[in-house]
Ligand code: KIV
């Protein structure tokens, strides 16, 4: 079992300060390990790209888990529509609603002090056009308090990105494998293989950059192509199953922590076996109750 290394573990009772201490003055600005405790903004993300700094992003769906990641110094938290599979018990991201994303995004914002919170626009919340996208993104910014939204699609979503950005809402785009299209794909296939598909992926990434996106997720893309996209853009790429050369890396937190049941995609690294640990704790509690060992004297009022 792989555990978090001690250097990355938050101290008991830690505050919103990142656990890692900066090695020099320059690194006080770092997205991960920097000393600033104000909210990260999209300007900080742009500055990191200029410095060539890599950064981590995790998903979060509730206030308590988000506070752990925030205290650990994760600079960007995504309230992803992966909440469909990982939190709400759906089979895909497709059924997730604006109400669900809004409530959980507000919880993640309340649980954090430093992280930039990005919320996904769920399937059906922006495909009708830019005005629908603006109406729903506005709700996430005003009602949930997020600092940015994410939506899927390259050229096909460029008009939506343009209106949101010109209205003052930062947008993280998402190209390559876009899970909201699972029914069209018939699964979750790697994207961008072959010359034509690779050229389309490059056009998609450039289209969202030109429309004003501050970053772009590249999902399930060959590493060589992701590296080429990263070199061609001035906004950061956030890889998931896209190799080492992206500017940032994102994982779904339940995959990263080993809470997800069954097989996880090849691109996932599990840093904890949380499902096993939590199950063990639940069984120990049950055995104490059945055997009369809980509550003990110290848990009892007189
Ligand atoms: O919803 C999500 O978690 C995502 C990430 C996989 C990028 O879109």
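Only the coordinates and a few stated rules stand behind these numbers; no lab work does. Everything numeric in this text was worked out from a predicted model, so none of it was measured. Methodologically, a virtual Cβ is constructed for each residue, glycine included, from the backbone with ideal geometry; neighbour enumeration extends over all protein chains shown.
Quick rundown of the values:
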item: Proportion of all alpha-carbon pairs of segment 125-277 beyond 18 Å (%); result: 59
item: Approximate spin-label separation residue 289-residue 43, in nm, with each point projected 7 Å along Cα-to-Cβ; result: 5.2
item: Segment 25-145: relative contact order as a whole-number percent, Cα under 8 Å and 6+ apart; result: 25
item: Calculated FRET efficiency for the pair residue 92/residue 300, C-beta based, R₀ 45 Å, to 0.05; result: 0.45
item: Net lengthening on full extension, residue 274/residue 64 (0.36 nm per residue, minus Cα-Cα); result: 74.0 nm
item: Over the chain, relative contact order from alpha-carbon pairs under 8 Å, at least 6 apart, %; result: 15
item: On Cα atoms only, tilt of 42-51 relative to the major axis of the chain in degrees; result: 80
item: Förster-model FRET efficiency, 41 Å R0, residue 135 and residue 264, C-beta, rounded to 0.05; result: 0.70
item: Cα long-axis angle, helix 130-139 against the chain (0 to 90 degrees, to the nearest 10); result: 30
item: Pairwise FRET efficiency - residue 28 versus residue 244, Cβ, R0 = 25 Å, nearest 0.05; result: 0.45
item: Length added when fully stretched, residue 190-residue 128, from 0.36 nm per residue minus Cα-Cα; result: 19.7 nm
item: Calculated over segment 6-271: convex hull of Cα atoms, volume per residue (Å³); result: 122
